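The values are calculated or read from the model by the stated rules, or taken from the named source; none is laboratory data. Treat the numbers as computed from the prediction; the structure is a model and nothing was measured. Backbone-built Cβ (ideal geometry, glycine too); neighbour counts: all protein chains shown. Note: areas computed on protein heavy atoms with side chains; ligands, DNA, RNA excluded. Shrake-Rupley method; radii C 1.70, N 1.55, O 1.52, S 1.80 Å.
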Amino acid sequence: MLGVSLVAGVMATLSALAQVSVEVMLDQEQFLAGEALPLAVRISNRSGQTLRLGGDDDWLSVSVETRDHGVVSKLGDPPVRGEFTLESSQRATRRVDIAPYFNLGRQGAYRAQVTVKIAQWNQQFSSTPVSFDIITGARVWEREFGVPQPETNTPPEVRKYTLMQANYLKKGLKLYLRITDAEEAKVFRVFALGPVVSFAQPEAQIDPRCNLHVLCQTGRTTYSYTVANPDGDVLVRQTHEISGNRPRLQVGEHGKVAVVGGARRYADDDFPPREPFAKPAEAALLPPPAAVTNTLDTAKP
């Protein structure tokens, strides 16, 4: 009888393994050090039972190692709590940014694996590892600036804007904005501004509000214009093109920075969007491309 019970238990475990799967996906394969690294964890339930997940802090865990199986030190635990139920014949995708929680400052090849624990079965299921590379970029411009503090009697906090170019997948250059403290010991934000051409240097100016204005050439006749604040929030994103002459940045009265020359071309990814009653650019706030933590999508597998 004991042998029969053991076999039945093994068969039940194998059946559960076959009917619950965990996948981990990345939108890209290469990341600049400090850039958001969003994992999409997809859990598919074909077990015939309703699963209860997300009720504690360790239901979903992430491990990262180098491609040659070296251990990557962990700096903290990604926030994953958020209870939900997953019906049979459904799948859920949980998204989490792991960049702040692992020591990924070195250039190299890495892989990440996710494990999901199902407490009601006392079992856990692991994904196939997903590979990614941490790459380095070439600095093309940098400037320190002061961020005024609420207390008027204290000196301003000194931060640094750095523009970096990286050859993404050796298919083309991307321009990144990196915001750090003056010593570059603390990284506030790293994100891609978009593709750039290799034969033109980007223009950059800081306005009196400490916002950074960047104009870079993205194609034979097209330019991208971005304005970001000291926290890395995007305030303006526009497309300009050559029309008679080239677009360029100009500093005017009271330090105001604007694009002059060329012509504005409206695009779907403009911010603020082109609307009859759009808010002024100074009042708008658009988070940069980054991972969205603790979001959940459900669908049929």
| Direction-averaged shadow area of the convex hull around the Cα atoms of the stretch 103-235, nm²? | 12.6
| Taking the highest mean first, how do the peptides 125-135, 211-221 order by number of other beta carbon atoms within 10 angstrom per residue? | 211-221, 125-135
| Residues of the stretch 29-85: accessible area per residue with a 1.4 Å probe, Å² | 49
| Counting alpha carbon pairs within less than 8 Å and at least 6 residues apart, what relative contact order, in whole percent, applies to the stretch 17-74? | 29
| Given Cα pairs under 8 Å that are at least 6 residues apart, what percent is the relative contact order of the stretch 108-221? | 15
